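**Q** Structure below; questions to follow.
Bear in mind that the values in this text are calculations on the coordinates, not laboratory data. These numbers come from a predicted model, not from an experiment. Cβ atoms come from the backbone with ideal geometry, glycine included; neighbour counts cover every protein chain shown.
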Amino acid sequence: MWNGRTVSVVLGTYAEKDSIQGVINGFLATGLVDEVVVVNNNAEPGTREEVEQTEARQVFESKQGYGYSYRRGLAEATGDLLILAEPDGTFLPRDAVKLLTYSDDCDAVFGTRTTREMIWSGANMGTFLRWGNWAVAKLVEVLFNTSHLSDVGCTYRLLTRDTLEKIQPKFTVGGSHFGPELMLLVITSGARVVEVPVNYLPRVGESSVTGDLRKAVKLGFQMIGFILRFRLRMARGGRIRAAPRMLDGD
């Protein structure tokens with residue numbers, strides 16, 4: 001629990017059998033997390049048994065895809081504050097404190113993996129991925145005139161329950177570009193948003209997307225196309241801007 005609000009962590013899993021148990025236990029060991037929801041998205045054999053050895057709640061999503069997995073997890077989670085993370089060992093559970101700290105003032109907190117000092121040796125954040133994520137994030141920043149952004153693909157994020165309920169009916173993406181959709185829906189909902197740097201570690205095992213440069217490039221262009229189409233749709237419907245902060249009593 002954080003300042004009287006319950007905290008849920010959502011983990012979508014497909015190929016993280018060797019790391020998921022440690023990640024779950026790491027989040028629970030912070031003493032701040034009330035529940036961990038694991039979405040088994042047709043995961044590799046042995047994953048179910050690894051999760052069952054923990055206190056996490058496991059649900060099963062048959063529709064294959066990053067977006068379907070995390071959409072299901074968000075629908076299942078019960079917390080007032082909802083943290084999305086990866087079960088592959090690339091994120092530190094203790095960094096959840098950074099997201100929670102800013103949740104006192106903001107409706108959504110986005111992690112960024114592109115801060116050089118926070119990238120660990122051996123992490124899969126080479127020149128192409130680092131600058132590619134930064135460039136697409138800057139595209140979002142310019143097109144939507146929003147807060148500082150430097151990583152469009154970081155899963156480590158926090159949403160308040162109220163923010164989720166505003167945007168949840170608008171989810172459409174089931175694939176790997178769900179991340180940008182979530183980001184854009186939050187930004188255009190009028191939520192107060194901030195980005196914070198998080199540690200980025202070497203992955204346990206190999207990613208089915210970013211481990212292959214060709215797939216990563218394809219995903220990058222898919223994200224750009226989605227962002228541009230979203231911007232065109234928004235031009236017709238407009239966006240809600242975050243209300244300015246005011247002193248108590250003003």
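**Q** Test of understanding: ordering V136, V10 by Cβ neighbours within 10 Å, fewest first, what list do you get?
**A** Numbers: V136 20, V10 26.
If I rank by nearby Cβ atoms, fewest first, I get V136, V10.
**Q** What list of ³J(HN,Hα) couplings, whole Hz, do you get for the stretch 152-162 from phi and the Karplus terms 6.51, -1.76, 1.60, once you set θ to phi - 60° and write x for glycine and proline?
**A** Computed from phi, the couplings for the stretch 152-162 are 8, x, 6, 6, 5, 8, 10, 10, 7, 4, 4 Hz.
**Q** Calculate the dipole size of the chain relative to its Cα centre from +1 charges on Lys and Arg beta carbons and -1 charges on Asp and Glu beta carbons; express the result in debye to the nearest 20.
**A** On the way: 29 positive and 29 negative charges, 262 e Å.
Approximately 1260 debye in magnitude.
**Q** Another question, if that's okay. Just name one of G122, T188, A96: the one whose Cα is farthest towards the positive end of the charge dipole of the stretch 7-237 (beta-carbon charges, Lys/Arg +1, Asp/Glu -1).
**A** T188
**Q** Mind checking the dipole of the stretch 85-223: about its Cα centre, +1 per Lys or Arg Cβ, -1 per Asp or Glu Cβ, Debye to the nearest 20? Show your work: numbers first, answer last.
**A** Details: 15 positive and 15 negative charges, 66 e Å.
Roughly 320 debye, rounded to the nearest 20.
**Q** Among P87, P197, P45, determine the one that fluctuates most according to a GNM of the chain built with springs between C-alpha atoms less than 10 Å apart.
**A** With Cα springs under 10 Å in the chain, the top fluctuation among P87, P197, P45 is at P45.
**Q** Taking the stretch 7-237, how many lysine pairs are there with alpha carbons less than 27 Å apart, if each pair must be eight or more places apart or span two chains?
**A** Final tally of qualifying lysine pairs is 16.
**Q** Still on this structure: Calculate the length of the line joining the C-alpha centroid of the stretch 124-163 to that of the stretch 58-95, in whole Å.
**A** Measuring centre to centre over Cα atoms gives 18 Å.
**Q** Over the chain, with a Gaussian network built from C-alpha contacts below 10 Å, which listed residue (V59, V109, V152) shows the highest mean-square fluctuation?
**A** Its mean-square fluctuation being the largest, the pick is V59.
**Q** Related question: Taking every pair of distinct Cα atoms and averaging 1/r, then inverting, what Kirkwood hydrodynamic radius in Å comes out for the stretch 64-105?
**A** On the way: mean 1/r = 0.0844 Å⁻¹.
Across the stretch 64-105, the inverse of the average 1/r is 11.9 Å.
**Q** Per residue Cα convex hull volume for the stretch 2-100, in cubic angstrom? Mind dumping the intermediate values first?
**A** On the way: hull volume 8.2 nm³, N = 99.
That works out to 82 Å³ per residue.
**Q** Hey, another quick one. Contact order normalised by length for the stretch 7-237, with contacts defined as Cα pairs under 8 Å and 6 or more residues apart; what percent is it?
**A** Values: 437 pairs, mean separation 55.2, N = 231.
For the stretch 7-237, the relative contact order is 24 percent.
**Q** Rounded to the nearest 0.05, what FRET efficiency is calculated for W131 and L232 with R0 set to 22 Å and r the Cβ-Cβ distance? Write down the numbers at each step before the final one.
**A** Values: r = 26 Å, r/R0 = 1.16.
Efficiency, from the Cβ-Cβ distance: 0.30.
**Q** Follow-up question, since we're still on this one. Take the chain, connect every pair of alpha-carbon atoms lying under 10 Å apart with a spring to form a Gaussian network, then pick out the residue of V140, V36, V204 with the largest mean-square fluctuation.
**A** It is V204.
**Q** Got a sec to turn the phi values of the stretch 8-18 into Karplus ³J(HN,Hα) couplings, 6.51 cos²θ - 1.76 cosθ + 1.60 with θ = phi - 60°, whole Hz, x for Gly and Pro?
**A** 10, 10, 10, 10, x, 10, 9, 9, 10, 4, 7
**Q** Let me ask something additional. Once every DSSP H run of n ≥ 4 in the chain is given -39500 (n - 2.57) and the sum is divided by its residues, what mean residue ellipticity at 222 nm do you get, rounded to the nearest 500 deg cm²/dmol?
**A** -12000 deg cm²/dmol
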